[in-house]
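Contents: one structure, followed by commentary.
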Amino acid sequence: MTTTEQVVANPCVQCGYCCTQGPCSYGKWDPQMHRCVYLTHDNRCNKYDEIVAAEQGSDYPMFGCGCSSSLFNRVRDAKIRGGEGR
């Protein structure tokens, strides 16, 4: 890849999968539930507004740069198809 090529990431669909793999820098891990404590019952981030405000103007904001777990992610695939995924 040359320096002029741009990598295109798959968009975030708010499936919550990444929050079940490990906490982000704003999150807190619940080892019993094996997920971030801020993941809501509908698989959304309860700290979304706080994170977006804190990262406003960032070149690589937490939300909006694309999904880093899009391959083989059945939860994400189900969300795109219109299912719950869990």
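The values are calculated or read from the model by the stated rules, or taken from the named source; none is laboratory data. Source: prediction; values computed, not measured. Glycine also receives a Cβ, built like all others from the backbone with ideal geometry; neighbour counts cover every protein chain displayed.
For this structure, a couple of remarks:
- Segment 23-32, residues that are over 19 Å from residue 10 (Cβ atoms) and either acidic (Asp, Glu) or touching a strand residue (DSSP E or B) at 6+ places or on another chain (Cβ under 8 Å) (or both): 23, 27, 28, 29, 30
- Any chance residue 52 is of a type outside the set (Lys, Arg), farther than 15 Å from residue 69 by Cβ and in contact with a strand residue (DSSP E or B) (Cβ under 9 Å, 6 or more places away or on another chain): no
- Segment 10-53, subset aliphatic (A, V, I, L, M) and surrounded by 12 or more Cβ atoms within 10 Å (Cβ to Cβ), residue modelled with the lowest pLDDT: 13
- Scanning segment 55-75 for residues that are at negative phi, free of Cβ contacts under 8 Å to residues at least 60 places away in the same chain and touching a strand residue (DSSP E or B) at 6+ places or on another chain (Cβ under 6 Å) gives a single hit, 67.
- Taking segment 33-86 as the range and being within 14 Å of residue 10 (Cβ to Cβ) and either small (Gly, Ala, Ser) or touching a helix residue (DSSP H, G or I) at 6+ places or on another chain (Cβ under 7 Å) (or both) as the test, the residues that pass are 63, 64, 66, 67, 68, 69, 70, 73, 75, 76.
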